[in-house]
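Contents: one structure, followed by commentary.
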């Protein structure tokens with residue numbers, strides 16, 4: 001019997017995409033790859049029109065060998081099951097496969113200080129439901145999936161062959177057929193206190209199981225797809241706790257949709273772009289109308305010649321935008337200084353207004369580095385899943401997305417033959433702040449700031465030495481650190497003021513320097529699925545934003561973890577703690593869903609004065 005579980009479309013993109021393991025009450029499953037998504041019913045999913053994301057990912061996935069040269073990539077929403085639909089066809093949804101296939105009994109036999117539980121395969125469970133083990137005495141014993149599996153840095157995943165692993169080095173050449181048990185001693189959770197034991201006496205502790213190379217080479221298995229990796233993997237298999245945070249790191253490209261123009265015809269063309277992106281002549285437009293009743297109704301009243309001319313304009317504007325990284329294009333539009341950006345309409349993808357300084361309470365000397373503020377009344381965030389990693393998260397995008405994405409696409413594949421990627425649109429609102437490049441330059445010229453930068457750089461160098469792509473990583477700009485700290489402090493303070501939970505707010509940071517100039521800014525926003533978006537509470541704080549920002553800076557100056565937090569030396573660490581200065585859970589760290597850099601590249605001392613460091617703050621008293 002097929003059992004159904006329900007996930008939101010956004011969950012399948014942002015947290016539980018192909019290759020992710022999901023716990024169910026009686027078993028664990030791995031979410032199937034795109035090959036196993038039922039996309040046959042066209043009305044259960046739709047195209048997400050976001051040409052900038054498509055252009056970036058097409059180029060990078062082709063360079064990585066994931067996308068064939070003759071394939072055009074599209075973004076599609078996950079299939080949505082409609083209970084009201086009737087029919088005998090396969091329901092819309094995503095296939096999930098049983099993984100792992102090893103289970104342990106829930107009931108333990110007490111043998112002195114040792115608790116002993118039977119370890120069995122899926123195929124050995126009672127065929128009626130596969131939720132119980134029938135032991136030698138005929139008793140039904142409930143089972144639960146084992147917590148431990150094996151994987152590799154390239155994202156491959158497989159069951160541990162416990163019978164083989166337990167007997168490695170025993171000298172026997174024949175496969176042992178004795179039963180296996182999991183033995184646990186004490187309550188400390190120490191890996192050495194848990195062993196897999198064979199009836200013949202052979203045993204393996206979980207501490208020894210974590211030794212490098214214990215399980216041999218990776219076989220390139222991909223249980224979320226129908227086939228294993230076509231080429232040899234070459235990596236050593238590594239012990240993996242399937243419920244650990246390092247079991248699955250989704251790789252998601254996020255962009256803010258930008259309008260090509262502000263009139264009704266352009267908006268209609270953008271809404272139906274997937275049906276007419278091939279049209280180049282009036283004759284082809286006639287064919288497109290005839291084949292698509294919805295398109296014909298939407299464009300009623302506009303001639304074929306007018307529509308074709310506007311398609312050409314949209315295409316040309318899109319090509320100009322595609323030549324730049326997504327963040328660059330977003331900044332240039334939001335920081336344009338236009339009184340009205342986008343169009344004020346219920347279905348608009350972007351509508352913003354540039355505010356006078358007094359309108360956002362910005363006439364405060366301490367906020368001089370902030371050049372302008374923009375009220376983003378409507379925005380559309382497009383999030384697209386293009387891969388995932390295990391054990392180590394892919395490097396985060398910092399300056400302009402492109403270089404970092406090139407590294408990140410080396411994660412695991414979502415499909416055997418890639419043609420499309422899952423994506424979701426989320427509507428919302430936000431606040432955009434542009435920073436004065438002259439103020440940033442003057443701040444960077446201070447000797448104390450340069451010295452602080454050297455300290456952070458040494459920590460980053462120590463961390464980089466342990467990374468697989470060390471030669472392709474680059475140190476973030478100090479302006480990124482300062483703006484990042486300000487963004488976190490401001491998100492926390494805004495949440496206290498406007499009523500949105502802090503986890504509902506997100507950041508998008510801009511610290512980009514190229515041949516065209518310097519771009520510094522931040523976008524704080526909230527977004528949710530559905531066409532209605534959010535309720536306007538975030539934009540409503542703008543008239544008192546100056547006071548909120550000053551309270552945030554005051555709160556940031558002193559941390560309950562001081563002086564330890566303020567005196568943190570990144571050069572004494574080799575892990576990710578080396579990427580931040582004065583930053584901890586008591587002052588700067590926020591929910592990782594809110595931070596674009598996974599709470600890395602933070603330093604209070606570059607944002608505000610601290611008790612340990614003076615003269616380095618962008619926002620001085």
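The values are calculated or read from the model by the stated rules, or taken from the named source; none is laboratory data. What you see is a predicted model, and the numbers here were worked out from it, not measured in a lab. Here Cβ is always computed from backbone atoms with ideal geometry, including for glycine, and neighbour counts include all displayed protein chains.
Screening 353, 366, 349 for residues that are at pLDDT 80 or above and assigned to a strand (DSSP E or B) leaves exactly one candidate, 353.
Based on what the data block shows, is residue 552 part of a helix (DSSP H, G or I) and over 28 Å from residue 325 (Cα atoms)? Break it down stepwise before answering.
Numbers: part of a helix (DSSP H, G or I): yes; over 28 Å from residue 325 (Cα atoms): yes.
When the stated conditions are applied, residue 552 passes them.
For every residue, the table says whether it meets (1) touching a residue at least 12 places away in the same chain (Cβ under 8 Å); (2) within 29 Å of residue 154 (Cα to Cα); (3) assigned to a helix (DSSP H, G or I).
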residue: 422; (1), (2), (3): yes, yes, no
residue: 429; (1), (2), (3): yes, no, no
residue: 434; (1), (2), (3): yes, no, no
residue: 442; (1), (2), (3): no, no, yes
residue: 449; (1), (2), (3): yes, no, yes
residue: 453; (1), (2), (3): yes, no, yes
residue: 457; (1), (2), (3): yes, yes, yes
residue: 463; (1), (2), (3): yes, yes, yes
residue: 466; (1), (2), (3): yes, yes, no
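Any residue in the stretch 230-251 that is under 30 Å from residue 376 (Cβ atoms) and either assigned to a helix (DSSP H, G or I) or touching a helix residue (DSSP H, G or I) at 6+ places or on another chain (Cβ under 6 Å) (or both)? Break it down into steps so the answer makes sense when it comes.
So the first thing to find is which residues in the stretch 230-251 are under 30 Å from residue 376 (Cβ atoms), and the list is 249-251.
With the extra rule that they be either assigned to a helix (DSSP H, G or I) or touching a helix residue (DSSP H, G or I) at 6+ places or on another chain (Cβ under 6 Å) (or both), the set shrinks to 251.
Within the stretch 230-251, one or more residues are under 30 Å from residue 376 (Cβ atoms) and either assigned to a helix (DSSP H, G or I) or touching a helix residue (DSSP H, G or I) at 6+ places or on another chain (Cβ under 6 Å) (or both).
The residue that is modelled with the highest pLDDT, among those in the stretch 369-394 that are farther than 22 Å from residue 333 by Cα and not in a strand (DSSP E or B), is 390. Against the definition (out of contact with any strand residue (DSSP E or B) (no Cβ under 7 Å at 6 or more places or on another chain) and under 26 Å from residue 254 (Cα atoms)), how does residue 606 come out, yes or no? Taking the combined requirement at face value, the residue does not satisfy it. Residues considered: 60, 67. Of these, the only one that is outside any loop (DSSP other than H, G, I, E, B), under 17 Å from residue 388 (Cα atoms) and touching a helix residue (DSSP H, G or I) at 6+ places or on another chain (Cβ under 7 Å) is 60. Of the numbered criteria (1) closer than 17 Å to residue 620 by Cα; (2) without any contact (Cβ under 8 Å) to a residue 12 or more places away in the chain, the one residue 478 fails is (2). Scanning the stretch 186-234 for residues that are surrounded by fewer than 16 Cβ atoms within 10 Å (Cβ to Cβ), more than 23 Å from residue 31 (Cα to Cα) and in contact (Cβ under 8 Å) with a residue 60 or more places away in the chain yields a single hit, 186.
Looking at residue 80, is it surrounded by 13 or more Cβ atoms within 10 Å (Cβ to Cβ), over 30 Å from residue 325 (Cα atoms), out of contact with any strand residue (DSSP E or B) (no Cβ under 8 Å at 6 or more places or on another chain) and at pLDDT below 85? The answer is yes for residue 80.
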